[in-house]
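**Student:** Structure incoming, see below.
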Amino acid sequence: MMRVSMLLIAVPFALAAQQPAGDGARPIPLDEAVRLAQRNNPAAVTARNALRTTTAAVRSAYGQYLPSFSANGSGSRSGGETFFQGKLVPYSGAPWSYSRGLSTSLELFDGGRRWYNLKSAQANVDAADASETSQQFSLSLQVKQQYFAVLAARESQAAAQRQLEQSAEQLKSSTAKVRAGAATKSDSLRSIIQVGNARLALLTAENNMRVANAALSRLIGSTEVVTASPADTAEMGRIVLDSAALITLALQGPTVRSAESALLAAQAARKASRTPYMPTVSSSYSLSGNNTSDGFDFGSGRIPKQTSLRLTLSWTLFNNFTREENLMRSTVAEDNATASLRDAKLAQQQSLVQYLGAFRTAEERVAIQLSTIAAADEDLRVQQQRYALGASVLLDLLTSQTTLDQARAALIQARYDARIAKAQVEALVGRDLK
């Protein structure tokens, strides 16, 4: 029994000499972690590539107004025998024949189809740009959540360390009183239990720290294990803008902008689906020539030329209701986009009320828990003195210790909730609220 007591007393002093559970992780500031995630995370890469694709579609839409060009050339050799008046005779023509040509075509009128396709492509670029911004802030939120989880684990580790040290001091005090006959053996046994619980809390916090570090490293695409910078531990952040200003920002956020651009693209697509009812006018021009030769010279010398200029009008009068189906599909898509935009605005308002309320509540919880910890710490000090003088029992001391431990845990959770709520508001409005 005495050996166990002495071992448990020595534990906190041995742990105090160790480094915090970081496993050699490299400290990284929050801004750098966000920047690395926005550069390396697969979701960010996908969003950037989607923007590149839609930008290429705009270039292609502009290209529809330009004429197309094509060139061709061929050479062939003939030989052998052929039938002539029922007899086989050697081939007597020039063995080599060549042709070459150049052609171009341009659509002159299409009922506005190219114009609407261009507008739709431009709207898709705006939507992709807004989606990329939204994805960046979504990643920023994920990084902050994991970063703050590291901070919470670090704070829990410090609180567990303090809890272990206080439990060890209580164990020494109760053991001394048992030896002096001023307390029962039950006091030392309960103190041993408290030390064991504190050790478990410390081990749990250290493991949570390692797991959070590994998750943060994967999220930012780092091959080495990283951890939150100690300088960011006490930073919780504030939101100085009022609700009206935040609602205005939220309605201009990337989610709403993406929905607005999607609606513009759907409107342009609906207009483009009406153009097949109009005739189309196109033009084409070709220049070609053919020649023969006794040797392989690819038709050198004079080549007779043939030219052709053509104007074509085409008007589809009936195509088995395909135009009607496409028009209906585009109209439905526009209606869906309108409903999505309306819902996106309402969702922004709802989420802002939720996240802002969570942040304000967490701020108040932090202030209350700070006061609670100060009171609980003083209460524990008084109970320790009373127990040392024999004016109270160990149960009163353990109750005060438990109250202090719970207050510390509640403060850590309140800080974490405040940080997360602020990050959610920032992701919602699409900007950092310093």
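**Student:** Sort out which residues of segment 292-320 are in a strand (DSSP E or B), modelled with pLDDT of 80 or more and not hydrophobic (A, V, I, L, M, F, W, C), and write them in order of number.
**Tutor:** Result: Lys305, Gln306, Thr307, Ser308, Arg310, Thr312, Ser314.
**Student:** While we're here: Quick test of your reading of the structure: Arg210 fulfils all but one of (1) surrounded by 19 or more Cβ atoms within 10 Å (Cβ to Cβ); (2) over 30 Å from Thr399 (Cβ atoms); (3) among the basic types (Lys, Arg). Name the failing condition by number.
**Tutor:** Result: Arg210 passes all but (1).
**Student:** Residues of segment 151-163 being buried (at least 24 other Cβ atoms within 10 Å of the Cβ) and more than 33 Å from the chain's Cα centre (by Cα), which ones?
**Tutor:** Hits for segment 151-163 are Ala160, Gln163.
**Student:** Next question, about the same structure. Considering segment 304-357 alone, what residues qualify as being among the small types (Gly, Ala, Ser) and either within 30 Å of Phe109 (Cβ to Cβ) or without any contact (Cβ under 8 Å) to a residue 12 or more places away in the chain (or both)?
**Tutor:** Within segment 304-357, Ser308, Ser314, Ser330, Ala333, Ala337, Ala339, Gly357 meet the criteria.
**Student:** Something else about it: Can you give me the number of residues within segment 87-114 that are within 16 Å of Ser282 (Cβ to Cβ) and not in a loop (DSSP other than H, G, I, E, B)?
**Tutor:** The total comes to 9.
**Student:** Sticking with this one: Which numbered condition in (1) touching a residue at least 40 places away in the same chain (Cβ under 8 Å); (2) within 30 Å of Ala205 (Cβ to Cβ) is the only one that Asp129 fails?
**Tutor:** Going through the list (1) touching a residue at least 40 places away in the same chain (Cβ under 8 Å); (2) within 30 Å of Ala205 (Cβ to Cβ), Asp129 breaks only (2).
**Student:** Residue check: is Gln348 touching a Leu at 6+ places or on another chain (Cβ under 8 Å), of a type in the set (S, T, N, Q) and surrounded by 12 or more Cβ atoms within 10 Å (Cβ to Cβ)?
**Tutor:** yes
**Student:** If the requirement is being out of contact with any Gly (no Cβ under 7 Å at 6 or more places or on another chain) and in contact (Cβ under 8 Å) with a residue 24 or more places away in the chain, which of these qualifies: Ala180, Ala214, Ala176, Ala159?
**Tutor:** Residue meeting the stated conditions: Ala159.
Matching residues to (1) β-branched (Val, Ile, Thr); (2) free of Cβ contacts under 8 Å to residues at least 60 places away in the same chain; (3) more than 30 Å from Leu249 (Cβ to Cβ):
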| position | (1), (2), (3) |
| --- | --- |
| Gly390 | no, no, yes |
| Ala407 | no, yes, yes |
| Ala421 | no, no, no |
| Gln424 | no, no, no |
| Leu433 | no, no, no |
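**Student:** Of everything in segment 175-202 that's small (Gly, Ala, Ser), in a helix (DSSP H, G or I) and out of contact with any Ser or Thr (no Cβ under 7 Å at 6 or more places or on another chain), which residue is surrounded by the fewest Cβ atoms within 10 Å (Cβ to Cβ)?
**Tutor:** So the residue we want is Ala180.
**Student:** Something else about it: For segment 290-304, check the following and say yes or no: at least one residue is closer than 30 Å to Ser99 by Cβ and either touching a Cys at 6+ places or on another chain (Cβ under 8 Å) or among the aromatic types (Phe, Trp, Tyr) (or both).
**Tutor:** The answer is yes; a qualifying residue exists.
**Student:** Is there a residue being touching a residue at least 24 places away in the same chain (Cβ under 8 Å) and polar (S, T, N, Q) anywhere in segment 80-89?
**Tutor:** Scanning segment 80-89 turns up no residue that is touching a residue at least 24 places away in the same chain (Cβ under 8 Å) and polar (S, T, N, Q).
**Student:** So which residues in segment 351-388 are buried (at least 18 other Cβ atoms within 10 Å of the Cβ) and farther than 30 Å from Ala414 by Cα, if there are any at all?
**Tutor:** Tyr387
**Student:** Hey, any hits in segment 33-50 for a residue that's over 21 Å from Ala215 (Cβ atoms), among the polar types (S, T, N, Q) and either within 52 Å of the chain's Cα centre (by Cα) or at pLDDT below 70 (or both)?
**Tutor:** Yes, some residue in segment 33-50 is over 21 Å from Ala215 (Cβ atoms), among the polar types (S, T, N, Q) and either within 52 Å of the chain's Cα centre (by Cα) or at pLDDT below 70 (or both).
**Student:** Against the definition (small (Gly, Ala, Ser), under 16 Å from Pro29 (Cα atoms) and part of a helix (DSSP H, G or I)), how does Ser217 come out, yes or no?
**Tutor:** yes
**Student:** Determine which member of the set Leu433, Leu398, Leu394 is farther than 30 Å from Asp31 by Cα, surrounded by fewer than 22 Cβ atoms within 10 Å (Cβ to Cβ), modelled with pLDDT under 90 and in contact with a helix residue (DSSP H, G or I) (Cβ under 7 Å, 6 or more places away or on another chain).
**Tutor:** Leu398
**Student:** A further question follows. Go through segment 69-86 and count every residue that is modelled with pLDDT under 75 and part of a strand (DSSP E or B).
**Tutor:** 4
**Student:** Would you mind finding the one in Arg360, Arg323 that is modelled with pLDDT under 95, farther than 30 Å from Leu241 by Cβ, in contact with a helix residue (DSSP H, G or I) (Cβ under 9 Å, 6 or more places away or on another chain) and assigned to a helix (DSSP H, G or I)?
**Tutor:** Arg323
**Student:** If you don't mind, another one. Whether any residue in segment 217-231 is out of contact with any helix residue (DSSP H, G or I) (no Cβ under 9 Å at 6 or more places or on another chain), at pLDDT below 90 and closer than 28 Å to Ala367 by Cα is what I want to check.
**Tutor:** Scanning segment 217-231, I find at least one residue that is out of contact with any helix residue (DSSP H, G or I) (no Cβ under 9 Å at 6 or more places or on another chain), at pLDDT below 90 and closer than 28 Å to Ala367 by Cα, so the answer is yes.
The values are calculated or read from the model by the stated rules, or taken from the named source; none is laboratory data. Here the structure is a predicted model, which is why all the values come from computation and not from measurement. Please note: Cβ atoms are built from the backbone with ideal geometry, for glycine as well, and neighbour counts cover all protein chains shown.
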